[in-house]
Amino acid sequence: MKASGLPEEADPEPAKRIEISLQNPNRYAEVRDAGVEVWLERLLLELAPDTVSFVVRFVGDRAIRGFNREYRDIDRPTDVLSFPGEDGPEGLHLGDVAISVPTARRQAVEAGRPVDRELRMLLLHGVLHCLGYDHETDDGEMRILEERLRRSWVERVV
């Protein structure tokens, strides 16, 4: 019993939080939307509930070309690169993703969709790579999963 005479209630378990770092050194306007972080956290809680941290860095074409050259020996820009993480003392760091905002803008225009939708598609793609999926080697498993997840997580923003 509390001093007030009321019965003690069990403290509700705090909601799980994932430490998400959205890095936007070039201050791209498309990334300043606070909804991206909330959306990403909900996606991670669904797909990788053991995750304690995740990093996304929104960069330009020059930076992503440098990453692509350094880590994949491909000397051209790309839209998204993923660097899977690992378990650490505090739990699972799912990984780091780099997204080229200028490339995302171009792809959005070509596809006739909003840039925010393109960024969410790229985030989803990066998360799946951090989870171990590889569309270059898995006989379509990642593509099928990604298409299904796009319908529920990108095309109808939750």
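Among the residues of the range 93-104, is there at least one that is exposed (fewer than 15 other Cβ atoms within 10 Å of the Cβ) and either assigned to a strand (DSSP E or B) or out of contact with any Pro (no Cβ under 7 Å at 6 or more places or on another chain) (or both)?
No, because not a single residue in the range 93-104 is exposed (fewer than 15 other Cβ atoms within 10 Å of the Cβ) and either assigned to a strand (DSSP E or B) or out of contact with any Pro (no Cβ under 7 Å at 6 or more places or on another chain) (or both).
Only one entry in Asp79, Asp33 is surrounded by 12 or more Cβ atoms within 10 Å (Cβ to Cβ), modelled with pLDDT under 90, out of contact with any Gly (no Cβ under 8 Å at 6 or more places or on another chain) and under 27 Å from Arg151 (Cα atoms), namely Asp33.
Arg117 meets each of the listed conditions (1) touching a Lys or Arg at 6+ places or on another chain (Cβ under 9 Å); (2) in a helix (DSSP H, G or I); (3) not hydrophobic (A, V, I, L, M, F, W, C) apart from (1).
Pairs are defined by a Cβ separation below 9 Å, a sequence spacing of at least 6 or placement on different chains, a first member in the range 21-33 that is part of a loop (DSSP other than H, G, I, E, B), and a second member that is acidic (Asp, Glu) and surrounded by 12 or more Cβ atoms within 10 Å (Cβ to Cβ); the pairs so defined are Asp33/Asp116.
Looking across the range 113-158, the residues that are loosely packed, with under 14 Cβ neighbours inside 10 Å and touching a residue at least 40 places away in the same chain (Cβ under 8 Å) come down to Gly132, Val157, Val158.
Of all residues in the range 47-91, how many are in a helix (DSSP H, G or I) and either over 13 Å from Val127 (Cβ atoms) or without any contact (Cβ under 8 Å) to a residue 24 or more places away in the chain (or both)? Total meeting the criteria: 12. In this structure, does His129 turn out to be in contact with a Ser or Thr (Cβ under 7 Å, 6 or more places away or on another chain), part of a strand (DSSP E or B) and on the phi < 0 side of the Ramachandran plot? No: the conditions fail for His129.
The values are calculated or read from the model by the stated rules, or taken from the named source; none is laboratory data. All of these numbers come straight from a predicted model, not from anything done at the bench. Don't worry about glycine lacking a Cβ; one is built from the backbone with ideal geometry, like all the others, and counts go over all protein chains shown.
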